[in-house]
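To keep things clear, I will list the structure first and then write my remarks on it.
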There are 2 protein chains.
Amino acid sequence: MGTTDHDQFMREAITLSHKNIQEGKGGPFATVIVKNGTVIARGTNLVTSTNDPTAHAEIVAIREACRVLGSFQLDGCDIYTSCEPCPMCLGAIYWARPKSIYFANTRDDAAKIGFDDRTIYDEFARPHNQRKIQMIQLMRDEALVAFREWQEKNDKIPY
Amino acid sequence: MGTTDHDQFMREAITLSHKNIQEGKGGPFATVIVKNGTVIARGTNLVTSTNDPTAHAEIVAIREACRVLGSFQLDGCDIYTSCEPCPMCLGAIYWARPKSIYFANTRDDAAKIGFDDRTIYDEFARPHNQRKIQMIQLMRDEALVAFREWQEKNDKIPY
């Protein structure tokens, strides 16, 4: 794809982010997913309108793209998102394994308008006991039994 | 809550993780969300059975708990999860803002049975241009207009 194509897909994401604000559906974020030069899914931030803190634009678009493809993997897909993905969405993208991520605004731009993206990235770099939400480990020995059961399962579907 | 209560909720999560393997719904992971001493939502990993790479146990449970509470915030809730949350799920937890996270297996335990949790955490610490999935910035100036529009919107719902 040439620069023009990339710009065209990102422009669609940016346009959707404006529309999302105007329609009051959620934050100023939108994502477009492209395969073989065609948009296969779109997503906008729906957190406040659906009471779902996981309904960020990238997550909404990834779920829709996977539904369209009938797969839990986005092989050969490109993701165009109007802002650098937050840790939740970047994690989702890694699990979906697309080819590339194109983004426009950054985590710092998001921080400047009141979103926690940068704070959450910073938290990830801290040890468990120094984080804002406390993380406490318990019962690892019991839980490891399930992991061994998974390892020994012959008909499992890896992902 | 005493230690016994914590163990009871974690034991329920571990039991659900076994059940999830046996029913072939997805990976060996489960999550229970508790408010005021009562389980309000449960989730197991449904990635392969629903073709949804975001359907990790924590995400499934958070979405259900928010549906039950009619809120995009998990105020005063505790999360009991059979494995340390991956970056996607930890990000989701930060957005949902519960009180505490209890976990059993670690990211390294998950890595040993074939899951990418540790790899993805490691990727987050690398600069954009050194990551496995390439991240390319474009059209920031155009996208910033939507951020300004959000900032100036008087009737927005922050989250």
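The values are calculated or read from the model by the stated rules, or taken from the named source; none is laboratory data. The shown structure was predicted, so the numbers you read here are calculated from the model rather than taken from an experiment. Neighbour counts run over all protein chains shown; Cβ positions are idealised from the backbone, glycine included. These area figures cover heavy atoms from the full protein model, side chains too; ligands, DNA and RNA do not enter into them. Shrake-Rupley method; radii C 1.70, N 1.55, O 1.52, S 1.80 Å.
Looking only at residues in the stretch A:117-127 that are over 17 Å from the mean Cα position of the chain (by Cα) and open to solvent by 20 Å² or more (accessible area, probe 1.4 Å), the one that is nearest to the other protein chains (Cβ to nearest Cβ) is A:A125.
Given the criteria in contact with a strand residue (DSSP E or B) (Cβ under 7 Å, 6 or more places away or on another chain) and acidic (D, E), does A:E12 qualify? So A:E12 fits the description; yes. The set of residues in the stretch A:101-111 that are more than 7 Å from chain B (Cβ to nearest Cβ) and in contact with a Phe, Trp or Tyr (Cβ under 9 Å, 6 or more places away or on another chain) comprises A:R107, A:A110.
Residues that are at pLDDT 95 or above, surrounded by fewer than 22 Cβ atoms within 10 Å (Cβ to Cβ) and within 7 Å of chain A (Cβ to nearest Cβ) occur at least once in the stretch B:18-32.
Between B:G114, B:G91, which is free of Cβ contacts under 8 Å to residues at least 12 places away in the same chain, within 7 Å of chain A (Cβ to nearest Cβ) and open to solvent by 50 Å² or more (accessible area, probe 1.4 Å)? It is B:G114.
The single condition among (1) surrounded by 17 or more Cβ atoms within 10 Å (Cβ to Cβ); (2) among the basic types (K, R); (3) at the interface with another protein chain (Cβ under 10 Å from one of its Cβ atoms); (4) under 22 Å from B:E142 (Cβ atoms) that A:R42 does not meet is (3). Scanning the stretch A:1-42 for residues that are under 20 Å from the mean Cα position of the chain (by Cα) and among the small types (G, A, S) yields A:A13, A:S17, A:G26, A:G27, A:A30, A:A41.
Checking the stated criteria, A:E12 turns out not to satisfy the condition of being within 25 Å of B:T50 (Cβ to Cβ), at pLDDT 95 or above, acidic (D, E) and out of contact with any helix residue (DSSP H, G or I) (no Cβ under 8 Å at 6 or more places or on another chain).
When A:R126 is tested against (1) touching a helix residue (DSSP H, G or I) at 6+ places or on another chain (Cβ under 9 Å); (2) outside any helix (DSSP H, G or I), just one condition goes unmet, and that condition is (1). Here B:E152, B:E142 are screened, and the one residue that is at the interface with chain A (Cβ under 7 Å from one of its Cβ atoms), without any contact (Cβ under 8 Å) to a residue 24 or more places away in the chain and surrounded by fewer than 24 Cβ atoms within 10 Å (Cβ to Cβ) is B:E142. No other residue among A:D78, A:D52 is of a type in the set (D, E, K, R) and at the interface with chain B (Cβ under 7 Å from one of its Cβ atoms) apart from A:D52. Under the condition of being closer than 19 Å to A:A55 by Cβ and buried (at least 17 other Cβ atoms within 10 Å of the Cβ), the residues counted in the stretch A:67-88 number 12. Residues that are farther than 27 Å from B:V68 by Cα, modelled with pLDDT of 95 or more and of a type in the set (D, E) do not occur anywhere in the stretch A:41-61.
Within the stretch A:1-17, restricting attention to residues that are small (G, A, S) and crowded, with 16+ Cβ neighbours inside 10 Å, the residue that is farthest from B:D155 (Cα to Cα) is A:A13.
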